[in-house]
1. Give the Kirkwood hydrodynamic radius (Å, one decimal) of segment 12-57, defined as one over the mean of 1/r across all pairs of different Cα atoms.
2. So with the 1.4 Å probe, I'd like the accessible area per residue for segment 124-243, rounded to whole Å².
3. What shape does segment 209-332 have by the C-alpha gyration tensor, where a ≥ b ≥ c are the square roots of the eigenvalues, rounded means a/c under 1.5, and otherwise prolate means a/b greater than b/c and oblate the rest?
4. Could you give the distance between the Cα centres of segment 171-194 and segment 45-69, to the whole Å?
5. Rounded, prolate or oblate: which one fits the chain, using the alpha carbon gyration tensor with axes a ≥ b ≥ c (rounded when a/c is under 1.5, else prolate when a/b beats b/c, else oblate)?
6. Please build a GNM for the chain, connecting alpha carbons under 10 Å apart, and tell me which residue among 355, 115, 105 fluctuates the most.
7. Per DSSP H run of at least 4 residues, take -39500 (n - 2.57); add these up for the chain, divide by its residues and hand me the 222 nm value, nearest 500 deg cm²/dmol.
8. So which aspartates and glutamates can residue 97 reach, going by Cα to Cα under 16 Å and dropping same-chain residues fewer than 8 places off?
Amino acid sequence: MAIELNQIWDFPIKEFHPFPKAKLGVGAHDILGVEAKELGMTRVLLMTTGLRGSGIIDELKGKIEYQGVDVVLFDEVESNPKDYNCMDAAARYQSEKCDGIISVGGGSSHDAAKGARMVIAHDGRNINEFEGFSKATNKENPKHIAVSTTAGTGSETSWAYVITDTSDMDNPHKWVAFDDTCLVDLAMDDPLLYYSCPEHFTAFCGFDVLAHCTEPYVSRLDFAPSLGNAKYSIELIRDHLRTAVYEPHNLEARTGMMHAQYIAAQAFNSGGLGLIHSLSHAFSAFYDSHHGLNNAIALPRVWEYNLPARYERYADIAALLGVDTRNLTTVQAADAAVEEAIRISKDLGIPENFGQLNVDTYEKNQMNTGKYAGKGTGVDTSEKQIRAISEHMMGDWCTPGNPRECTVESMIPMVRHAMTGTY
């Protein structure tokens with residue numbers, strides 16, 4: 001009888017995924033039109049959540065048009081992009097006879113653009129058919145430039161995108177797709193575009209970065225090529241996140257977080273994610289709340305849940321975050337990582353649990369709008385809802401990378417604490 005490798009190792013063969021070309025640094029956005037023209041774009045669909053009042057869209061639109069490239073604006077992307085955002089964008093692309101896409105914003109804009117490209121490449125198939133790994137059958141899709149205005153997503157350099165399936169609002173579902181064909185053709189990160197990002201969104205996005213770099217570092221994949229980027233990203237967060245939040249025009253801090261988010265995404269691109277993202281996806285499936293905020297609330301709980309499986313790695317994280325662990329045991333140092341995460345959370349004004357969220361929690365809150373209208377002004381913290389979120393997590397494609405084995409029953413106490421517990 002032959003030995004099956006998956007009976008010996010969870011991931012016997014690990015795959016390294018490519019990164020797209022990128023322009024990073026001050027002034028990168030000035031050459032957006034030039035880069036679009038060099039990619040052969042003549043009429044682009046400019047996809048964004050709006051960024052109203054920032055002036056960014058008007059500025060970038062002008063830079064593109066100056067190079068003789070026409071712009072069709074699609075500013076209907078929602079936070080936590082929905083399936084219909086992708087379908088509507090694809091329809092607009094076709095009707096306007098575009099030949100390229102430029103997404104501007106955070107992960108919502110980039111992910112919706114990736115989804116729209118999949119729909120276009122597959123003759124209008126429903127975007128919800130692409131959940132999971134490598135579902136694309138047509139390897140050619142529209143050219144795509146992703147311009148980031150937040151330091152959080154990493155979508156501009158990763159092979160992943162996340163979409164909310166709204167076809168059954170009684171059973172909402174937020175899913176993840178991984179596909180090398182969705183890689184953008186050019187990523188553009190310019191710290192000057194982060195200056196207008198509000199304080200609380202900078203904090204939320206920063207926790208998204210902390211999840212992106214620490215989850216591959218403790219992942220069950222234990223993928224060596226990802227570990228160096230993961231560790232350096234943690235150090236950059238230590239040095240720059242608080243300053244970026246409270247001194248939004250500090251160029252050094254904004255640049256540091258730009259690099260942190262970029263290399264953190266390169267860490268998870270092949271090194272995997274885990275329960276922080278699974279819980280975040282599940283909660284926003286029900287409440288449409290900000291992904292980074294969800295990660296911030298989930299992160300200390302997931303770290304504590306995972307400690308027994310990865311004491312050594314969490315001890316490393318504590319030291320990388322600046323905790324003096326020289327006189328601590330490995331277990332004590334791992335515990336200190338959780339305490340430091342809580343300290344950062346408090347420093348940045350993160351709510352202690354999901355139950356504290358309501359439609360007035362933060363500006364531009366997407367809760368209780370669109371298809372989510374009528375869901376109420378607060379969060380249902382009942383045992384029924386806690387179980388539903390735990391069940392959603394078990395079906396998330398990020399869960400298999402988590403270092404500690406998961407069942408619905410094992411996750412319920414963690415989810416309950418995230419819903420109602422305090423530090």
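1. Details: mean 1/r = 0.0717 Å⁻¹.
Roughly 14.0 Å, rounded to one decimal.
2. For segment 124-243, the solvent-accessible area averages 30 Å² per residue.
3. Details: a/c = 1.43, a/b = 1.06, b/c = 1.36.
It is rounded, given that a/c, with a ≥ b ≥ c, falls under 1.5.
4. 18
5. rounded
6. 355
7. Details: 13 runs with 192 residues, N = 423.
When only DSSP H runs of four or more count, the value is -15000 deg cm²/dmol.
8. Qualifying aspartates and glutamates at Cα under 16 Å: 70, 88, 123.
The values are calculated or read from the model by the stated rules, or taken from the named source; none is laboratory data. Since the structure is predicted, the reported quantities are computational estimates derived from the model, not experimental observations. Here Cβ is always computed from backbone atoms with ideal geometry, including for glycine, and neighbour counts include all displayed protein chains. Heavy atoms of the whole protein, side chains included, go into the accessibility calculation; ligands, DNA and RNA do not. Shrake-Rupley method; radii C 1.70, N 1.55, O 1.52, S 1.80 Å.
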